[in-house]
Amino acid sequence: MPVFPNNISLRQLRAFDEVARQGAFAPAARELCLTQSALSESIRQLEEALGLRLFDRTTRTVGLTAAGQAFLLDVRQAFETLEQGFQNLGDLAALRRGKVRIAAAPSVLAVLLLPLLPQLRAQHPGIEVDLVEDSAEGIAQRVQAGLVDFGVGAAHPAGGDLHTRPLVSDAMGLVARADEPLLQAPQLVAADLALLPFVGLTTDTAISQLLAAAPGMPANVLQTPLRMSNPQLLFEAVRLGLGVSIVPALTARHPARGELRFRLLDAPRILRRTLLIQRPRRALAPAAQLLCEALATQVQTLARHEGIAPD
């Protein structure tokens, strides 16, 4: 553990540095806006606390002892470190620098987070951003372990006592090629998918778990022989004619959807709720807070699309 005597203050160290710099008490006192007697007392107390003389005094000049010369190098190095620390804090507070680490679901990264970065980079080029794709369980674990500043995804039991805040809700719908007749049906219900080949997401994803919990889902949706780990692969499988799928409206905004069509399910109405996930009692750094606020704004922008609503 570092040792710093309780009876030594930064004011005394600053006085020591200035006397050494000026080579005399009078100009040092003027620079520090102190009386000469107050400055002399401060140096005396410092020498007494250290148990060593730092200066050799004459009637006109003040010179450093050998101990004082060695100590001055350490004091000035410490001041430089402190000044750099204060500068770093100022840069962080002013958003001139900083690093933000976010774990999120793939669709959240593509649709909510990535579109924010051009403006962020233009306004705050010193901020670094790490985006990590993960499942709901993985996001919770990363936040819990402090590997990311915050997560964006669905609630998961692995989150334990993590603090969550609602961000956006989106409804599930059918994604299919443009020639799929169900896209034009007067009403679309889950039972209509029973005879179609279906492509799903892996069971560790929040989307797959929501479908499993929804009432009236046909067996081919719940026990599909083909599952993907992320929306990009899923959309490609649908594009290749391997089946249709059900995804939330926000996921349907993923650029990888391309020319595929999306239509909301009329029944059952399945909502996915996406949360901001943080460790409790931990304040976000300014750069991370900036991203959180930008996310909320992006949600408002996307809310003009059917099936997407801010929480």
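Please name whichever of Ser135, Pro255, Leu276 sits farthest to the positive end of the charge dipole of the chain, dipole taken about the Cα centre and charges placed at Cβ: Lys and Arg +1, Asp and Glu -1. So the residue we want is Leu276.
Over all other residues within a Cβ to Cβ distance under 14 Å of Gly258, the charged ones net out to +3, with Lys and Arg as +1 and Asp and Glu as -1.
Under the convention that each Lys and Arg Cβ holds +1 and each Asp and Glu Cβ holds -1, the size of the dipole of the chain around its Cα centre is about 360 debye. Within the chain, antiparallel bridges make up roughly 65 percent of the DSSP beta bridges whose residues both belong there.
Residue by residue, the stretch 214-222 carries 3J(HN,Hα) couplings of 6, x, x, 6, x, 4, 5, 6, 7 Hz when phi is fed to the Karplus relation 6.51 cos²θ - 1.76 cosθ + 1.60 (θ = phi - 60°); x denotes Gly or Pro.
A simple rule links phi to the HN-Hα coupling: the Karplus curve 6.51 cos²θ - 1.76 cosθ + 1.60 with θ = phi - 60°, which for the stretch 266-277 gives 7, 7, x, 7, 10, 10, 9, 10, 9, 10, 7, 10 Hz, with x for Gly and Pro. Taking trypsin sites (Lys or Arg not before Pro) across the stretch 238-285, the ones in a DSSP loop with at most 15 further Cβ atoms lying within 10 angstrom of their Cβ are Arg269, Arg281, Arg282. Measuring between their Cα centroids, the stretch 261-311 and the stretch 99-122 lie 12 Å from each other. Close amide H partners of Val168, meaning residues 5 or more places away or on another chain with modelled amide H under 5 Å apart, are Thr274, Asp311. Our Cα-only numbers for the chain put the radius of gyration and Dmax at 31.2, 104 Å.
Other residues with beta-carbon under 10 Å from the beta-carbon of Ala178 carry, at +1 per Lys or Arg and -1 per Asp or Glu, a net charge of -1.
A dipole drawn for the chain from +1 and -1 charges on Cβ atoms has a positive end, and of Pro215, Leu182, Thr81 the residue lying farthest that way is Thr81.
Legend: ranking of residues Val111, Val189 from fewest to most surrounding C-beta atoms inside 10 Å; resulting order Val189, Val111.
You can think of it this way: the chain between His163 and Asn7 has 52.0 nm of extra reach, that is 0.36 nm per residue less the Cα-Cα gap.
First select every other residue whose beta carbon is under 11 angstrom from the beta carbon of Leu275; then total the charges, Lys and Arg +1, Asp and Glu -1. With Lys, Arg at +1 and Asp, Glu at -1, the net is +2.
Rule-based calculations on the coordinates, nothing more; no lab input. Quick caveat: nothing in here was measured; it's all calculated off a predicted structure. Because the Cβ atoms are built from the backbone with ideal geometry, glycine has one as well, and the counts that use them run over all protein chains shown.
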